[in-house]
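Step one of this worksheet: look at the structure below.
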Amino acid sequence: MRLEKTQRYLKDKGYSYTYTEEDGMGSIDFDHRGLKYHIWEFQDGDISGVETNLRTSGRSEDLTGDYEKEMIEILETW
């Protein structure tokens, strides 16, 4: 299982989400206040990260490094 910290955060906050895993990469999709959010993990050579629209629901961005920590920090601002 991947994205465990993020899944735990969503579960603790009562968000309903869908988790899938393909080729060793995790993916989370969920709705919040009528908007659809996604977290898609990727590996590009030596760079691992996620593509997500958590910060701005209409626009995706890539997060790398400690991306789970950064995603939880974004979620905590909601």
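The values are calculated or read from the model by the stated rules, or taken from the named source; none is laboratory data. Note that this is a predicted model, so its numbers are computed, not measured. Ideal geometry is used to build each Cβ from the backbone, glycine not excepted, and the neighbour counts take in all protein chains shown. Ligands, DNA and RNA are stripped out before the accessible areas are found, and what is left, the full protein with its side chains, is counted by its heavy atoms. Shrake-Rupley method; radii C 1.70, N 1.55, O 1.52, S 1.80 Å.
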Residue order for Met1, Met71 - accessible surface, 1.4 angstrom probe, largest first: Met1, Met71
Estimated [θ] at 222 nm from DSSP helical runs (n ≥ 4, -39500 (n - 2.57)) normalised by residues in the chain, nearest 500: -6500 deg cm²/dmol
Cα shape, the stretch 1-61, gyration tensor, a/c 1.5 rule: oblate
Inter-label distance for His38 and Tyr15, nm, one decimal - labels placed 7 Å from Cα along Cα-to-Cβ: 1.5 nm
